[in-house]
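J.: Handing you this structure, nothing more for now.
The values are calculated or read from the model by the stated rules, or taken from the named source; none is laboratory data. If you're wondering where the values come from, they're calculated on a predicted model, not measured in any experiment. Virtual Cβ from ideal backbone geometry, glycine too; neighbours counted across all protein chains shown. SASA here: full protein model, heavy atoms, side chains in, ligands and nucleic acids out. Shrake-Rupley method; radii C 1.70, N 1.55, O 1.52, S 1.80 Å.
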Amino acid sequence: MKGMKFPGMGGMGNMQGMLQRVQKMQAEMQKVQADLQARSFEGTAGGGAVKVTVTGKKEVTAVAIDPQVVDPEDVEMLQDLVLAAVNEAMRQVDTVSEEEMNKVTGGLKIPGM
């Protein structure tokens, strides 16, 4: 047994270097997440008649509705415009988050991130 070599067990320095790179990537990802959460994203619908602002945490912070689209006879249209604006804003959060994370990870998919 003495002097026996096990494949893959040499190069512990490589393992430590890889661990340091992973830790650096995790720190960069946390910074990107914090930056994204502090940003605001705006979704619009009806040519800008409805505007919804959300944070990177996907919290709605503002809703602006042009009074001209408020029709008591057609509440469904207004509801649809609000939904469309919210969904657009949420898609922006997802798209920008994915783009920013890909810059850090090089496109590597990491569960939970």
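J.: Which length gain, in nm to one decimal place, applies between Thr53 and Thr95 when the Cα-Cα distance is subtracted from 0.36 nm times their residue separation?
T.: Between Thr53 and Thr95, full extension yields an extra 13.6 nm.
J.: Now a separate question. Calculate, in nm to one decimal, what Gln68 and Asp35 gain on full extension: separation in residues at 0.36 nm each, minus their alpha carbon distance.
T.: Residue separation times 0.36 nm, minus the Cα-Cα distance, leaves 8.3 nm.
J.: Cβ neighbours within 10 Å, averaged per peptide: list 25-33, 41-49 in order, most packed at the top.
T.: Peptide ranking by packing, descending: 41-49, 25-33.
J.: Follow-up question, since we're still on this one. Can you give me the accessible area per residue for the range 43-82, using a 1.4 Å probe, in Å²?
T.: Per residue, the range 43-82 has an accessible area of 63 Å².
J.: If I model a spin label as a point 7 Å beyond the Cα along the Cα-Cβ vector, how far apart are those points for Lys24 and Glu76 in nm?
T.: Reported label-point gap for Lys24 and Glu76 is 5.8 nm.
J.: About the Cα centre, and with charges only on the beta carbon of Lys, Arg (+1) and Asp, Glu (-1), how big is the dipole of the range 5-97? Nearest 20 debye, please.
T.: Dipole size: approximately 1220 debye.
J.: Can you give the convex hull volume of the alpha carbon atoms of the range 18-64 per residue, in Å³?
T.: Spread over its residues, the Cα hull of the range 18-64 gives 65 Å³ apiece.
J.: Roughly speaking, what % of Cα-Cα pairs in the range 30-113 are separated by over 22 Å, rounded to a whole number?
T.: The calculated P(r) of the range 30-113 puts 36 percent of pairs beyond 22 Å.
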